[in-house]
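The values are calculated or read from the model by the stated rules, or taken from the named source; none is laboratory data. All values derive from a computational prediction rather than experimental measurement. FYI the Cβ positions are ideal-geometry reconstructions off the backbone, even for glycines, and counts take in every protein chain you see. Accessible surface is based on the protein model in full, side chains and every heavy atom, while ligands, DNA and RNA are left aside. Shrake-Rupley method; radii C 1.70, N 1.55, O 1.52, S 1.80 Å.
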Amino acid sequence: MSTSSPPQPTLLTHLSFLKESILGLLSPWGFLSLSASFLPRTILSLIQQQRYSVLFSPARLQEAWFTEFWTGLAGPNIRLNAGERVVPLLRGYASRGQVTETQVGPAIAGTVIEVGAGAGLWVDVYRQVADVRAPDADEGVEGVTKRKNVNNGNGEGKGVITRIYGVEPNPNQHPHLHRAIAAAKLEDVYQIVPVGIEDLDNGAMWDGRVEKGSVDCIVSILCLCSIPEPEKNIRELYSYLKKGGRWYVFEHVRCEHGLFMQFYQRLLNVFWPHFIGGCLLCRPTEKTIREAGPWDSIDVGQPATEPWYQVVPHVLGVFTK
Ligand SMILES: C[S@@+](CC[C@H](N)C(=O)[O-])C[C@H]1O[C@@H](n2cnc3c(N)ncnc32)[C@H](O)[C@@H]1O
């Protein structure tokens, strides 16, 4: 019997790895340049709409610019790439940061808070991953669940979503979000909450109320990088979840491995928030959610396909209260 040693990497393999790594390290600068290219057209469009006051408010100009960039280019691309992970996550097909072949946890169901709903990039996914049905006044959530004869997200199969609160403070995103809700025919279930999560409990700021301890699921997709006072507000969000409630997370987080990557991410972060609507790269979001309160189970991780040079690494998974 002949034994053959594994093939040795050739010079070409090394060179191609080097090229791939360098391009990967440089790609975020390309993303910033693309965002910069949307600033002139944002200014032009504000002038055409005679929204001159926005031009003189750096915060409002940044919101308008971010919306142009996100709806015009970044969002649809992210939806295309991240959809492979986010859709299975919400269906209960993800464990340790990886997509699984079988269902390993409950699908999203019940009353849902979508944090930082943006332009509604993920709104149609609710229809894909769950049955959606607003409870009739005399029927209630329990009735819907019984009648549809599917579980309420505590076992296998699809759940029933009865209410979605899309928390989104940037008013420029709202027309896009409204269109996405209408396209998905979710008008009677999906309510836009036009404030930041820090004001979710402030009845004077919006027309509605979410009781603490009443929410079945929280969905946060690429948004906890942008909220103010993350420790305080993530703790606050935790308090809205009922016992057994689940927090589905797909967020980018601080680089934890290798001094070089930690330094490089911090360097990029000097510029990043100015170009990407205030988004901060170096937040330890997984740790912050872990520490928000006691969890019954935590099943999160970094997708294995992300290489060592990933300057914007992600965490994907579910926290169960
Ligand atoms: C990078 S975008 C992601 C939007 C959406 N989740 C998506 O994947 O397309 C971050 C979103 O968080 C929103 N955001 C910023 N501050 C927030 C706050 N205090 N509370 C809730 N959302 C906030 C921004 O307006 C923005 O729409």
Please state the Cα pair-distance histogram of the range 227-321 with 10 angstrom bins from zero: what percent is in each bin?
-> 15, 44, 31, 10, 0
How much length is gained if the chain between residue 260 and residue 128 is pulled fully straight, taking 0.36 nm per residue apart and subtracting their Cα-Cα distance, in nm to one decimal?
-> 43.5 nm
Highest GNM mean-square fluctuation, the chain, Cα pairs closer than 10 Å: which of 210, 270, 104?
-> 270
Report the extension gain between residue 37 and residue 57 in nm, rounded to one decimal, defined as 0.36 nm multiplied by the number of residues separating them, less their alpha carbon distance.
-> 5.2 nm
Pseudo-spin-label distance residue 243 to residue 270, built 7 Å along Cα→Cβ, given in nm, is 5.1
Hey, what's the chain come to in accessible area per residue, 1.4 Å probe, Å²?
-> 50
Förster radius 22 Å - calculated FRET efficiency between residue 102 and residue 304, Cβ distance, rounded to 0.05 = 0.80
Round to a whole angstrom and tell me the spacing of the C-alpha centers of the range 227-288 and the range 168-198.
-> 23
Along its principal axes, what span do the Cα atoms of the chain show, with the longest given first and each in whole Å?
-> 72, 68, 35
Solvent-accessible area, 1.4 Å probe, carbon plus sulfur percent, for the range 72-320 | 53
